[in-house]
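S.K.: Sending over a structure as structure tokens; questions will come in a sec.
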Amino acid sequence: MKTIEEIREIISTLTLEEKASLCSGETFWLTKKIPGKDIPVIMVSDGPVGLRKQANVEDHLGMNESIQAVCFPAGVGMAATFNKELYGKMGETLGEECRAENVAVILGPAVNIKRSPLCGRNFEYLSEDPFLASEMSTSYVKGVQSKHVGTSIKHFAVNNMETRRFSASSNLSERALREIYLAAFEGPVRNAEPWTVMCSYNRINGELASQNKMLLTDILRDDWGFKGNVISDWGAVSNRAKALEAGLNLEMPTSYGENDAMLVEAIKRGELDESLLDKNCESLLKLIYDAYDNIGNSSEFKFDRDEHHEIAKNIATETFVLLKNEGNVLPLNKNAKIAVVGAYAKTPRFQGGGSAHINCHKITSFLNACSENGLADIKFAEGFSPVADDFDENLCNEAVAIAQEADVTLIFAGLPDIFESEAYDRKHMNMPACQLKVIDEVSKVAKKTVIVLHNGSPIEMPFVNNVDAILECYLGGQAVGGAQFDVIFGDKSPSGRLAETFPIKLEDNPSYLNFPGYKNNVNYAEDIFVGYRYYDKKKMNVLFPFGFGLSYTEFKYSNLKLSKEEINEDEGLTVSVDITNVGSVASKEVVQLYVKNCDTKVLRPVREFKGFEKIELAPGEAKTVTFILNKRSFAYFDERIHDWAVPSGTYQIEIGKNSRCIELSAPVEVTGKQILPDEYNYDSITEDMLEDPRIAEYVKGYLAGFGNDREKTDVEKESMNEEMEYASMMYSPLRSGLYFSGGKIKYDDIDEFLEEINKIIKK
Ligand code: BGC
């Protein structure tokens, strides 16, 4: 550890060239060596759900070999656990692996919002909902960093597709930016202080994230108080000087000196102040020295892969979401005659492709787990190829044959690797046709059919009504088979919940018309209405709603209590509810809190997800769950004041099992600060003035003095109804008095009136 004075002292010994050089990588993963200077070098590595430390050939797309490590379930599944402690635990485990491998910063979590089911990296991201993404990633960051290893929360920001990811501009409103896309980063930055933030490749409203001052300085540092370093995504920098000015600390990977030279030239030409570079070096050296303290000091961190494999298994059981379970076909009896169909039972698809790809030290498939647990003679038929979409009649016939003989048939299906990955987006939400055909043929003959899915993002399910059960396993990590065994045979009850809506079809998705945009522009026309916010507002049917997931037991919700009936926006509200396990097996329940917005003129989603707790209950057991709500639970981002605002009114506090299944609700009267103009002018509208409590009375009185004394003509009486009359008065600007008062109102009158009301509001 070095003090800031010591760091400044070191910087004062560096030449301009050396300082510039410090601001980019030495290699793909290392910070710069400065010849002749005693500055340590630290290593960063991917992330986010396993360690991808490359010792030899380096790349950012997961193509070349990395060390053997443990692959935990993908982000999509981790979000589906709705279990903050568990995600924190995964973070701690990863932190230990980093320590054992002398990795200073792990490049994760990846928290971009799932705007479209088509985004190639959705498997890595957490949710369509910013509150969930924010709460979960806060735990991850705290978990990793508790081991004194840094995180790099990514990709900051509005990076929601892979198409043209280096150049596309995500064009969106300030409100959508703050309420949806930045909120997922804001919580962890404010509450967990990640050591680094990774800026994304894309542009935001035209400006590259890497050189976006509004993003990297005004919001991240000035508004949220970020004290760490911003790292560029690999190759995200265009103009190094502009990036430094905007707030980017470290360019990764190395540009082999080219961009360092650009920085030096810009300073020499006087376009950039050298003191800015000094400050940047100060921040970077602080990170490097702090991290370096732990390097070479990792003997206490044993990286026991088998132990971590077990942890990965236990975590995976909570990532599975039981989507359908007709006639309680699951859990299966171990003595039942079971047929297993589908290549993924033998070679599971358990992780995504690209920079998140882990070189696993061991993989457990469902069939491995069955034989480890003494169920070796289960009948298996591959059914289809795990990697391609070629229908093979023989494979299908084999599957049909074993299904005919069994009490129940499990079909391990999903998306092949090539269907979803970093660097490109999907074009559709379909499963391979060959798999659908096998599901169709098998489910026709099987007594009971259970679909076990392996995919990183939502799919359309034409088979939904023809099968008995569906278990969504997402990409469950290297220990997926053991976890599937535990859940399918009932040692564990499924407790995952969907962190994203499954629409019935792709065309239902709110981003459908604007994904992936055209050339370098993608317009976020759906604005804040992402995921369930859209489907609810449009009253649309969905395949499975946000928050949905079944279990092997039933829970009863009762006794909803609010600490107050009325609050003002700065007061907290405590909400409590009792949950009882009224079924016969132990299980975990995700208790979800939604705030149903009050009916105001502000356009808002019907309800928003604002709290969740996962609790474990034995049969017959009851627990009280408590939530604390604050101003942000009721607020929206108001573009007039560039800040959060709370409309006054009656909100419903809803407690539910998912966004479409609200069990209990209670009202609370919230008083927010009204946003009022500092001044009125000729263009001010009557309605706005009447809604301003400071001047409403005065304005009413004034208007009364202008009653129209001319009798209406018959034609006017007929064509002007009350609503029209009211509207034409309410929505008129002050200046319209000149034309519509029959000449009674002159500029002098308007000036006098404005002077008076502006005097009142300034009081
Ligand atoms: C990805 C990042 C990753 C980096 C390093 C980039 O292509 O977008 O998520 O951390 O490569 O591999």
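S.K.: Past 32 Å, Cα to Cα: identify those pairs from 32/227; 346/505; 596/717; 302/334, in the order given. Walk me through the intermediate numbers first.
M.R.: On the way: 32/227 21 Å; 346/505 30 Å; 596/717 42 Å; 302/334 37 Å.
Violating the 32 Å limit, Cα to Cα: 596/717; 302/334.
S.K.: Another question, if that's okay. Divide by every residue of the chain the summed helix terms, -39500 (n - 2.57) for each DSSP H run of at least 4, and state the resulting mean residue ellipticity at 222 nm, rounded to the nearest 500 deg cm²/dmol. Display every interim value, and only then the final one.
M.R.: Details: 22 runs with 218 residues, N = 763.
Counting only the DSSP helices, I get -8500 deg cm²/dmol.
S.K.: State the Cα centre-to-centre distance between region 214-228 and region 372-419 in whole Å.
M.R.: 51 Å
S.K.: In Å³ and rounded to a whole number, note down the convex hull volume per residue for the Cα atoms of region 471-542. Before the final figure, lay out each step's value.
M.R.: Values: hull volume 9.6 nm³, N = 72.
Cα convex hull per residue, to the nearest whole number: 134 Å³.
S.K.: Next question, about the same structure. Taking the Cβ of residue 193 as the center, what net charge do the other residues with Cβ under 10 Å away carry, scoring Lys and Arg +1 and Asp and Glu -1?
M.R.: Numbers: positive: 142, 190, 227; negative: none.
Combined, the nearby Lys, Arg, Asp and Glu give +3.
S.K.: Along the three principal axes, how long is the chain when you take its alpha carbons, biggest first, rounded to the nearest angstrom?
M.R.: Its Cα atoms span 96, 73, 48 Å along the three principal axes.
S.K.: Taking Cα centroids, how far is region 302-331 from region 571-635 in Å?
M.R.: Cα centroid to Cα centroid, the span is 24 Å.
S.K.: I'd like to compare 219-231, 483-495: which one has the highest average count of other Cβ atoms within 10 Å, and what's the full order after that?
M.R.: Details: 219-231: 19.2, 483-495: 23.1.
The peptides rank, most packed first, as 483-495, 219-231.
S.K.: In the chain, what percent of the accessible surface is made up of carbon and sulfur (1.4 Å probe, ligands and nucleic acids excluded)? Don't skip to the end; give the middle numbers.
M.R.: Working: 14830 of 30530 Å².
Within the chain, the accessible surface is 49 percent carbon and sulfur.
S.K.: Between residue 690 and residue 752, what length comes free when the chain is fully extended (0.36 nm per residue of separation minus the Cα-Cα distance, one decimal in nm)?
M.R.: Values: separation 62, 0.36 × 62 = 22.32 nm, distance 1.76 nm.
Additional length available on full extension: 20.6 nm.
S.K.: Where nothing but the Cβ of Lys and Arg (+1) and of Asp and Glu (-1) is charged, how large is the charge dipole of the chain around its Cα centre, in debye to the nearest 20? Show your work: numbers first, answer last.
M.R.: Details: 84 positive and 117 negative charges, 232 e Å.
Computed charge dipole of the chain: roughly 1120 debye.
S.K.: What's the local net charge at residue 362, with K and R +1, D and E -1, over the other residues with C-beta under 13 Å away? Don't skip to the answer; put the middle values down first.
M.R.: On the way: positive: 305, 313; negative: 304, 306, 307, 310, 372.
Taking every Cβ under 13 Å from that of residue 362, the sum is -3.
S.K.: Further question on the same structure: Ranked highest first by average number of other Cβ atoms within 10 Å, how do 304-310, 381-387 line up?
M.R.: Details: 304-310: 15.9, 381-387: 22.7.
Peptide ranking by packing, descending: 381-387, 304-310.
S.K.: Apply the Karplus parameterisation 6.51 cos²θ - 1.76 cosθ + 1.60, with θ equal to phi minus 60°, to every residue of region 206-220 and state each ³J(HN,Hα) to the nearest whole Hz, in sequence, with x for glycine and proline.
M.R.: Computed from phi, the couplings for region 206-220 are x, 9, 4, 4, 5, 10, 9, 5, 4, 6, 7, 10, 4, 8, 4 Hz.
S.K.: A further question on this structure: Taking only protein heavy atoms into account and a 1.4 Å probe, give the accessible area per residue of the chain in Å². Intermediate results must be reported in sequence, preceding the final value.
M.R.: Numbers: 30530 Å² over 763 residues.
Accessible surface, normalised per residue, equals 40 Å².
S.K.: Which value in nm describes the separation of the simple spin-label points at residue 681 and residue 397, placed 7 Å from the Cα toward the beta carbon?
M.R.: So the two model labels end up 8.1 nm from each other.
S.K.: Also, quick follow-up: Which aspartates and glutamates have a Cα lying under 13 Å from the Cα of residue 213, excluding residues fewer than 8 positions away in the same chain?
M.R.: Here the aspartates and glutamates satisfying the reach criterion relative to residue 213 are 222, 223, 245.
S.K.: OK, next. Based on the alpha-carbon gyration tensor of region 686-762 and its eigenvalue square roots a ≥ b ≥ c, which shape applies: rounded if a/c is under 1.5, prolate if not and a/b is larger than b/c, or oblate? Don't skip to the end; give the middle numbers.
M.R.: Numbers: a/c = 2.55, a/b = 1.67, b/c = 1.53.
It comes out prolate by the Cα gyration axes.
S.K.: Calculated FRET efficiency, residue 716 and residue 738, Cβ-Cβ r, R0 30 Å, to nearest 0.05? Each step should come with its number before you reach the end.
M.R.: Working: r = 20 Å, r/R0 = 0.67.
The computed FRET efficiency comes out at 0.90.
S.K.: Hey, with R₀ at 41 Å, roughly what FRET efficiency would residue 362 and residue 643 work out to, going by the Cβ-Cβ distance, to 0.05?
M.R.: E(calc), rounded to 0.05, equals 0.20.
S.K.: Please compute the modelled spin-label separation between residue 762 and residue 255, points set 7 Å along Cα→Cβ, answer in nm with one decimal.
M.R.: Output for this residue pair reads 5.1 nm.
S.K.: Turning to a different aspect of this structure: What distance in nm separates the simple spin-label points at residue 56 and residue 346, each placed 7 Å from Cα in the Cβ direction?
M.R.: Result: 2.9 nm between the two label points.
S.K.: What is the set of long-range amide H partners of residue 430 at a cut-off below 5 Å, with H atoms built 1.01 Å from backbone N?
M.R.: 460
S.K.: Over 24 Å between Cα atoms, which of 537/564; 700/759; 448/588 qualify?
M.R.: Working: 537/564 28 Å; 700/759 17 Å; 448/588 26 Å.
As for pairs spanning more than 24 Å Cα to Cα, those are 537/564; 448/588.
S.K.: If Lys and Arg each add +1 and Asp and Glu each add -1, what is the summed charge of the other residues whose beta carbon sits under 10 Å from the beta carbon of residue 324?
M.R.: Numbers: positive: none; negative: 326, 468, 472.
Counting the neighbours of residue 324, the net charge comes to -3.
S.K.: Going by accessible area, probe 1.4 Å, with all protein chains left in place, what is the ranking of 329, 590, largest first? Could the numbers behind the result be given before it?
M.R.: Working: 329 20, 590 0 Å².
Final ranking, largest accessible area leading: 329, 590.
S.K.: Okay, moving on. Just want to confirm a number: the relative contact order over region 611-738, from Cα pairs under 8 angstrom separated by 6+ residues, in percent.
M.R.: Details: 101 pairs, mean separation 22.3, N = 128.
Normalised by residue count, the contact order of region 611-738 is 17 percent.
S.K.: Which shape class, rounded, prolate or oblate, goes with region 356-435 when its Cα gyration tensor gives a ≥ b ≥ c as root eigenvalues, a/c under 1.5 marks rounded, and past that a/b bigger than b/c marks prolate? Spell out each step's value before the answer.
M.R.: On the way: a/c = 2.83, a/b = 1.29, b/c = 2.19.
Note, shape of region 356-435 comes out oblate.
S.K.: Gap in Å between the Cα centre of region 85-164 and the Cα centre of region 693-763?
M.R.: Taking the Cα centre of each part, region 693-763 and region 85-164 sit 56 Å apart.
S.K.: Another one. Pull up the DSSP beta bridges for the chain and report the antiparallel fraction as a percent, rounded to 5.
M.R.: Of the beta bridges lying entirely in the chain, close to 55 percent run antiparallel.
S.K.: Relative contact order of the chain: what whole-number percent is it, with Cα pairs under 8 angstrom and at least 6 residues apart?
M.R.: 13 percent
S.K.: Could you calculate the FRET efficiency of residue 584 with residue 465 from 1/(1 + (r/R0)^6), where r is the beta carbon distance between them and R0 is 30 Å, rounded to 0.05?
M.R.: Given R0 = 30 Å and the Cβ-Cβ separation, E is 0.60.
S.K.: Would you pull out the residues with amide H under 5 Å of residue 566's amide H, same chain only if 5 or more places away, H placed 1.01 Å from N?
M.R.: When sequence neighbours closer than 5 places are left aside, the close amide H contacts are 669.
S.K.: Here is a further query. Classify region 361-499: rounded, prolate or oblate, from the alpha-carbon gyration tensor (a ≥ b ≥ c, eigenvalue square roots; a/c under 1.5 rounded; otherwise prolate if a/b is larger than b/c)?
M.R.: Details: a/c = 1.44, a/b = 1.07, b/c = 1.34.
Cα axes put region 361-499 in the rounded bin.
The values are calculated or read from the model by the stated rules, or taken from the named source; none is laboratory data. Given the structure is predicted, the values throughout are model-derived calculations rather than measurements. Every residue, glycine as well, gets a Cβ built from its backbone with ideal geometry; the counts of neighbours run over all protein chains shown. In case anyone asks, the SASA skips ligands and DNA or RNA and just uses the protein heavy atoms, side chains included. Shrake-Rupley method; radii C 1.70, N 1.55, O 1.52, S 1.80 Å.
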